[in-house]
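Read the structure below first, then the notes.
The values are calculated or read from the model by the stated rules, or taken from the named source; none is laboratory data. Bear in mind that the values here come from a model prediction, so they are computed numbers and not experimental data. Glycine gets a Cβ as well: all are built from the backbone with ideal geometry, and neighbour counts include every protein chain shown. With ligands, DNA and RNA removed, areas are computed over all heavy atoms of the protein, side chains included. Shrake-Rupley method; radii C 1.70, N 1.55, O 1.52, S 1.80 Å.
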Amino acid sequence: MTAAGLKNNSVHEISSIANSNLLVRMMEMGVLPGKKISLLKKAPFNGPMAFIIDGNILALRVEEADLIHLKAE
């Protein structure tokens, strides 16, 4: 599962980030394997998604959230 498929307020652990030209930028923003991620809000009509990672709110496009792979629970 990826972060794009998260439901509100469910907490998951990041297992990996897909290799893309955004990989370094996402890691600089704190999106790292082992961190906990939670969906805060999702905009309508496939708009941006707001996540909480280490107490910080991070807004990502759906395409970017789809690069974040989560551990199965």
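Structure values in brief
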item: Portion, in percent, of the accessible area of the chain that falls on carbon or sulfur, probe 1.4 Å; result: 55
item: Sum of -39500 (n - 2.57) over DSSP H runs of 4+, divided by residues of the chain (222 nm, nearest 500); result: -2500 deg cm²/dmol
item: 5 angstrom amide H check on F51, placed H, neighbours 5+ away; result: L40, L58, A59, L60
item: Cβ-based net charge around K41, under 15 Å, with every Lys or Arg adding one and every Asp or Glu removing one; result: +3
item: 3J(HN,Hα) from dihedral phi, region 23-32, Karplus parametrisation 6.51/-1.76/1.60, rounded to Hz, x for glycine, proline; result: 4, 5, 4, 5, 5, 5, 7, x, 7, 10
